[in-house]
Amino acid sequence: MPAVVSRDGKHLLCAKEQLVKVEISTGLEVYAAAGRYTSLALSPDGQLLAAGTGGGAVSVLDPKTGALLVSLPGHAERVTAVAFSDDGRVIVSGSADGTTRVWSRP
């Protein structure tokens with residue numbers, strides 16, 4: 001199950017049948033958002049969440065709400081890895097189809 005911790009260490013975002021945000025100190029669920037994600041990455045500034053999908057796209061979400069901001073299709077198979085560049089201006093995705101894609105931050 002893919003998971004990331006927020007930059008401030010207060011929240012856990014994890015995905016399986018849906019995207020779930022949990023407050024670490026209490027264990028309480030902040031939200032659950034629809035979507036099956038295969039990989040997760042937070043931008044360095046914590047403002048965007050990149051999430052790989054089983055359908056070969058990268059979803060860019062608002063980590064505060066789970067709202068979908070943009071979908072970046074480009075792989076023929078599931079996305080197995082996503083990452084932001086250190087400056088947060090680039091998203092890189094890798095897929096089970098053997099391809100790597102480089103995206104400008106939306």
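What FRET efficiency do you get for Ala81 and Asp45 if R0 is 22 Å and r is their Cβ-Cβ distance, rounded to the nearest 0.05?
0.60
5 Å is the cut-off here: which amide hydrogens, built 1.01 Å from N in the peptide plane, fall below it relative to Leu72, excluding neighbours closer than 5 in sequence?
Here the answer is Val58, Ser59, Val60, since their amide H atoms fall under 5 Å of that of Leu72.
Of the candidates Leu49, Leu19, Leu28, which one comes out as most mobile in a Gaussian network treatment of the chain with C-alpha springs shorter than 10 Å?
Among Leu49, Leu19, Leu28, the largest mean-square fluctuation in the Gaussian network model of the chain belongs to Leu28.
Read through the labelled values (i) 1.37; (ii) 0.99; (iii) 1.63 and report the label of the one computed as Cα Rg over 2.2 N^0.38 Å from the structure.
Recomputing Cα Rg over 2.2 N^0.38 Å here gives the entry labelled (ii).
So if R0 is 22 Å, what FRET efficiency would Thr99 and Ala3 give, r being the distance between their Cβ atoms, rounded to the nearest 0.05?
0.35
Bear in mind that the values in this text are calculations on the coordinates, not laboratory data. Since the model is a prediction, treat every value here as computed from it, not as a measurement. Don't worry about glycine lacking a Cβ; one is built from the backbone with ideal geometry, like all the others, and counts go over all protein chains shown.
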